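The values are calculated or read from the model by the stated rules, or taken from the named source; none is laboratory data. Being a predicted model, the structure only gives us computed values, none of them experimental. Cβ: placed from backbone, ideal geometry, glycine included. Neighbour counts: every protein chain shown. Calculation scope for accessible area: heavy atoms of the full protein, side chains included, ligands and nucleic acids excluded. Shrake-Rupley method; radii C 1.70, N 1.55, O 1.52, S 1.80 Å.
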Amino acid sequence: MTLTRRAALGAAAALAAAGTAQAQSGAPFVINTYGGRWEQFWRSAIVPRLSQAIGRPVRLDIGVGSGWVTNFRAAGRSAPPFPGLMTNERFAVLLRQEEFFAPLPEARIPNLANLLPVARSAGERGVIGMISPIGIAYRTDMVRVPPKSWRELWDPRYRGQLGLYSITNSAAIMLLMQAGTMFGRGPDDLDTGIAKMAELKPFPQVAFSGQIAPLLAQGQVAIAPLDYGEVIPLKRRGVPIEIVQPEDGLMMFDQTFSIAASANAADQEAMARYIDLILSPDLQLQLAREFFVAPVNTTVAIPQDLADALPITQDALRRTLTFDWALAARMATQMNERWARAI
């Protein structure tokens, strides 16, 4: 059956009316987050404020990026499981390419005007609201001369001291693509990237930062790419550990926030308010205190009591390495297969 323009407009109006009715009825507004400390923080610091701002109860969906991608795809573009998504850019780009997300309504998200350029690297259909900087962590009692750059990880003096991630982790993908850039023709040079990663063997491979941190704490490895959120708690526990901001740029774990294209008007408005809340100076500072993430809002000044734990300047963030996650997605199968054979 052919859908006429009048029918299409009628359907859109009906969807908007249903969304307004849903909001007026007090139906829960669903947002997603991770478990553990993330869930606790969202429940205590975000849910109450967001609920008050939108005049509706807020419900959390707890999960992980790969699961949310599966859920969105299973539901289809016309019926998203919730009205927006927070996830790593490596997952967000997949749904963005499949047209699940709408352009951000900039007029309704005023804090977009105050962001670092790296926060807008996802384009008009997403914004990076959280950056977990990744530097090179090392044991001060085991490493006499720490590396100053990603390239220096290949110095023979560090052979057998490294801890790295498995290819299922974003950090391994970033380091592999960076190896192709540093030693070959670019991030898509898998021949060079895989060969250079193989040169670093032997090294333990772990799936998450939370698995590398104990290896450093126990002295099983002496050097590892690691985010500040894992390093700072170790330092505060007295572990002899420091972290280097690489001269060739920090890497980052990120959280991209997007609005579902087919969400009703009321939910899209609520999602815009949620994103603006995340980007607000006071919440950016709260996130920095809780997770040691670097604020993306340029109006946020790191207070002195946090400066030693998070010595990331805005200039350093402007030089943060960014990666083409769409390219990574296209190479994923070949990347995984070749990594499994060689590493």
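Give the residue, chosen from I167, I173, that is among the β-branched types (V, I, T), touching a helix residue (DSSP H, G or I) at 6+ places or on another chain (Cβ under 8 Å) and assigned to a loop (DSSP other than H, G, I, E, B).
Checking each option against the conditions leaves just I167.
Could you give every pair whose Cβ atoms fall below 6 Å, whose first residue belongs to the range 263-290 and is under 18 Å from R120 (Cβ atoms), and whose second residue is open to solvent by 50 Å² or more (accessible area, probe 1.4 Å) and modelled with pLDDT of 95 or more, counting only separations of at least 6 or pairs across chains?
As it stands, the answer is A272/R108; P281/T299, since those pairs meet every condition given.
Tell me, which residue of the range 294-312 that is over 19 Å from the mean Cα position of the chain (by Cα) and not hydrophobic (A, V, I, L, M, F, W, C) is surrounded by the most Cβ atoms within 10 Å (Cβ to Cβ)?
Looking at the filtered set, the residue picked out is P311.
Those residues that are open to solvent by 10 Å² or more (accessible area, probe 1.4 Å) and under 15 Å from the mean Cα position of the chain (by Cα), I need them from the range 132-156; list them, please.
S132
So how many residues does the range 94-131 have that are open to solvent by less than 40 Å² (accessible area, probe 1.4 Å), within 21 Å of L250 (Cα to Cα) and not small (G, A, S)?
Residues meeting the conditions: 7.
Just checking, which of G180, G184 is touching a Gly at 6+ places or on another chain (Cβ under 7 Å), without any contact (Cβ under 8 Å) to a residue 24 or more places away in the chain and open to solvent by less than 10 Å² (accessible area, probe 1.4 Å)?
Result of the check over G180, G184: G180.
For the range 215-229, give me the residue count where each residue is touching a helix residue (DSSP H, G or I) at 6+ places or on another chain (Cβ under 9 Å) and without any contact (Cβ under 8 Å) to a residue 60 or more places away in the chain.
2
Does any residue of the range 79-88 turn out to be within 21 Å of R330 (Cβ to Cβ), assigned to a loop (DSSP other than H, G, I, E, B), of a type outside the set (G, A, S) and free of Cβ contacts under 8 Å to residues at least 40 places away in the same chain?
no
Starting from the range 153-169, take each residue that is free of Cβ contacts under 8 Å to residues at least 40 places away in the same chain and list its partners that are of a type outside the set (S, T, N, Q) and assigned to a helix (DSSP H, G or I), counting only C-beta distances under 9 angstrom and pairs at least six apart or across chains.
Short answer, once both residue conditions are applied: none.
Can you name every residue in the range 61-78 that is more than 17 Å from the chain's Cα centre (by Cα) and either buried (at least 19 other Cβ atoms within 10 Å of the Cβ) or part of a loop (DSSP other than H, G, I, E, B) (or both)?
F72, G76, R77, S78
Could you list, in sequence order, the residues of the range 187-207 that are free of Cβ contacts under 8 Å to residues at least 40 places away in the same chain and either under 30 Å from F291 (Cβ atoms) or open to solvent by less than 40 Å² (accessible area, probe 1.4 Å) (or both)?
Within the range 187-207, D189, T192, G193 qualify.
If we scan the range 270-285, do we find a residue that is among the aromatic types (F, W, Y) and open to solvent by less than 10 Å² (accessible area, probe 1.4 Å)?
Taking every residue of the range 270-285 in turn, at least one turns out to be among the aromatic types (F, W, Y) and open to solvent by less than 10 Å² (accessible area, probe 1.4 Å).
Which is in contact (Cβ under 8 Å) with a residue 24 or more places away in the chain, in contact with a Gly (Cβ under 9 Å, 6 or more places away or on another chain), surrounded by fewer than 17 Cβ atoms within 10 Å (Cβ to Cβ) and small (G, A, S), of A260, A316?
Testing whether each residue is in contact (Cβ under 8 Å) with a residue 24 or more places away in the chain, in contact with a Gly (Cβ under 9 Å, 6 or more places away or on another chain), surrounded by fewer than 17 Cβ atoms within 10 Å (Cβ to Cβ) and small (G, A, S) leaves just A316.
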